[in-house]
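Asks: Handing you a structure now.
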Amino acid sequence: MTKANILRRTSWVAVLATVFLSACAVKAPVPEPAAQTVAAKPVHPACQPAAAGDELAGNWLSKHRQKGVVGELRTLFTLQTDGSMAYTEQVKRPNKPSQGLNESGCWVRKGNNLQINTQESNGVTTEPGDPIYENNYNIVSLNARNLVLRDQSGTTYRLTRMSPGYRLPF
């Protein structure tokens, strides 16, 4: 055999061995794509209507200053008779646009306690049961025109009843 024939046969044997070994090789299974789970939107309980004739229902505005905050804080509680609420807080600074917080949800009165449950904060649905979105206020005094509330930290809100449909100006 000539040297050329040996090289040719060796090449053919190498090619056949490669084909045979590649045919015997076990291929790893292709992983199935992970099932895409869409997070379920949190479900909040429905608001319960307020007691008939409850003086707490209405629009209540507080304007006050707070230590450490530059400017005036304006807080508007809108308590509807159907148990729904809107809470708007704005920081009004001279020569600057207002900054604010807009929340909505439910309210309930239990004796001398006002409980606010936020279900949406600045357009984002909140997590039901998250304590940061459950606020309690002690009703210090209430009459047809004025309301005084005190929160858990001791902050007092002196509020004035506003006309139906009142909204904070920008």
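The values are calculated or read from the model by the stated rules, or taken from the named source; none is laboratory data. Worth saying up front: this structure is predicted, and the values here are computed from it rather than measured. All Cβ positions, glycine included, derive from the backbone under ideal geometry; neighbour counts span all protein chains shown. These accessible areas exclude ligands, DNA and RNA; they are computed on the full protein's heavy atoms, side chains included. Shrake-Rupley method; radii C 1.70, N 1.55, O 1.52, S 1.80 Å.
Asks: Scan segment 113-170 residue by residue and report those that are within 26 Å of residue 67 (Cα to Cα) and of a type in the set (Gly, Ala, Ser).
Replies: 121, 141, 153, 154
Asks: Kindly evaluate residue 73 against the criterion of being in contact (Cβ under 8 Å) with a residue 60 or more places away in the chain, open to solvent by less than 70 Å² (accessible area, probe 1.4 Å) and of a type outside the set (Ser, Thr, Tyr).
Replies: When the stated conditions are applied, residue 73 does not pass them.
Asks: Return the residues of segment 129-151 that are at pLDDT 90 or above and either in a loop (DSSP other than H, G, I, E, B) or among the acidic types (Asp, Glu) (or both); say none if nothing qualifies.
Replies: Correct list: 130, 134, 143, 144, 145, 151.
Asks: Same structure again: Between a residue in segment 102-117 that is more than 15 Å from residue 46 (Cα to Cα) and any residue that is open to solvent by less than 40 Å² (accessible area, probe 1.4 Å) and of a type outside the set (A, V, I, L, M, F, W, C), which pairs come within a Cβ distance under 7 Å, given they are 6 or more apart or on different chains?
Replies: 102/88; 103/87; 103/118; 103/121; 109/54; 114/137
Asks: Given the criterion of a type in the set (Asp, Glu) and open to solvent by less than 50 Å² (accessible area, probe 1.4 Å), identify the matching residue among 103, 120.
Replies: When all the criteria are applied, what remains is 103.
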